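Here the structure is laid out as structure tokens; the discussion comes afterwards.
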């Protein structure tokens with residue numbers, strides 16, 4: 001279907017317009033502010049139903065009518081607007097059946113028109129949202145099976161990117177932790193202190209030595225006591241003898257009374273001496289035992305052994321060993337995280353390659369045109385102003401409109417004067433070859449009237 005008729009009344013800057021169309025390409029010419037862009041906008045609004053306030057300033061009401069169809073079917077689209085309703089009410093009517101609807105969705109379903117012009121398409125590349133719109137336009141031209149798989153790939157890419165982000169964060173964390181752990185070690189510590197020392201035997205030996213040292217103190221004290229006791233024996237004997245002598249003198253002085261006492265003293269003396277001798281024997285035996293034990297003790301004196309130093313050294317070894325073990329553990333965790341991150345990176349690469357292959361094999365209608373996550377590319381160059389010429393952008397836009405609109409074969413181009421003769425002729429040829437109807441705006445300085453005329457070969 002093409003546009004067969006367009007009638008405007010008080011549509012933005014246009015007071016009145018009425019034209020019939022049967023040809024392929026029409027040029028809309030005139031100086032600025034005459035309504036060239038308004039005419040293109042009216043065509044877009046009537047084909048899509050999308051519009052802003054359209055009533056001409058200072059007017060009370062207006063309308064727009066357009067006949068769209070082919071030899072077999074025609075639709076009449078009508079937009080009426082007032083000061084109270086400046087956006088107006090849109091309706092569509094099927095001429096053969098008389099079917100009528102005020103539902104914009106119905107209009108969009110019938111026409112399925114993808115509305116954009118070259119200028120608008122070019123501006124899309126200036127923002128991230130616009131570049132996404134450009135991608136969606138191109139995506140819509142791919143086979144449904146390819147679009148479905150690309151959507152699956154894009155979803156999987158998002159999931160893998162999230163996992164890669166987590167893995168890279170884990171790598172970063174373990175890298176920081178490993179660096180901190182490594183700072184606590186000296187060169188060679190990881191090898192020297194890789195194994196932990198068992199200090200149980202050392203601690204048991206230290207405890208046993210401590211017990212023996214305490215026992216040695218007790219035995220030394222006992223030996224000193226026995227030595228003092230033995231040294232006191234002569235004095236005790238002397239004292240006993242004195243007691244006996246005193247008793248004898250007393251006996252002599254008091255013989256009668258003393259005999260009985262003397263006999264008792266003798267007996268006591270004998271008992272005392274026997275006890276002293278028994279004590280002497282006991283003290284001598286105990287002294288000998290103490291000397292023997294100490295002799296054996298001195299042969300392997302734990303006081304001379306530095307088990308405390310050995311234990312301290314072993315504990316320091318194990319302290320560094322703990323640092324080494326912690327460092328090795330975190331290093332392994334870091335390596336695992338790095339491996340995981342590489343796996344996700346490889347997965348993303350494989351998905352990107354599959355996506356690229358799918359797009360390349362789908363044979364888009366414009367040679368060299370493809371897209372990435374960031375936007376469109378033309379022959380490997382980002383499809384943005386400054387990278388791609390304005391004429392190329394508009395040529396691509398025209399081809400995309402043609403490819404995107406198999407039902408209503410209409411395209412619009414603003415600023416057609418920037419295309420250049422070769423690009424313009426290429427677009428005209430494309431329109432003719434594909435049975436499309438094009439409306440191309442051109443600024444002509446000094447032309448005071450809005451003119452719409454069909455392109456002819458003589459031009």
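The values are calculated or read from the model by the stated rules, or taken from the named source; none is laboratory data. The shown structure was predicted, so the numbers you read here are calculated from the model rather than taken from an experiment. Note that each Cβ is placed from the backbone with ideal geometry, even for glycine, and that neighbours are counted across all protein chains shown.
A few points about this structure:
- Residues being in contact with a strand residue (DSSP E or B) (Cβ under 8 Å, 6 or more places away or on another chain), modelled with pLDDT of 80 or more and assigned to a loop (DSSP other than H, G, I, E, B) - total across the range 355-373: 1
- The set of residues in the range 288-328 that are surrounded by 14 or more Cβ atoms within 10 Å (Cβ to Cβ) and within 40 Å of the chain's Cα centre (by Cα) comprises 317, 318, 320, 321, 323, 324, 325, 326, 327, 328.
Condition check ((1) surrounded by fewer than 13 Cβ atoms within 10 Å (Cβ to Cβ); (2) farther than 27 Å from residue 331 by Cα; (3) without any contact (Cβ under 8 Å) to a residue 60 or more places away in the chain) across all residues:
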{"site": "180", "(1), (2), (3)": "yes, no, yes"}
{"site": "194", "(1), (2), (3)": "yes, no, no"}
{"site": "198", "(1), (2), (3)": "yes, no, yes"}
{"site": "206", "(1), (2), (3)": "no, yes, no"}
{"site": "213", "(1), (2), (3)": "no, yes, no"}
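- Subset of the range 11-33 [farther than 27 Å from residue 445 by Cβ and in a strand (DSSP E or B)]: 20
- Checking each residue in the range 395-441 for being touching a strand residue (DSSP E or B) at 6+ places or on another chain (Cβ under 7 Å) and in a loop (DSSP other than H, G, I, E, B) picks out 408, 409, 414, 415, 436.
- Within the range 170-195, the set of residues being more than 37 Å from the chain's Cα centre (by Cα) and at pLDDT below 80 is empty.
- A single member of 374, 390 is surrounded by fewer than 14 Cβ atoms within 10 Å (Cβ to Cβ), in contact (Cβ under 8 Å) with a residue 60 or more places away in the chain, more than 30 Å from residue 67 (Cα to Cα) and not assigned by TED's automatic domain parsing to the domain that holds residue 435, and it is 374.
- Checked against (1) crowded, with 16+ Cβ neighbours inside 10 Å; (2) assigned by TED's automatic domain parsing to the domain that holds residue 36; (3) more than 30 Å from residue 416 (Cβ to Cβ); (4) at pLDDT below 90, residue 51 meets all criteria but (3).
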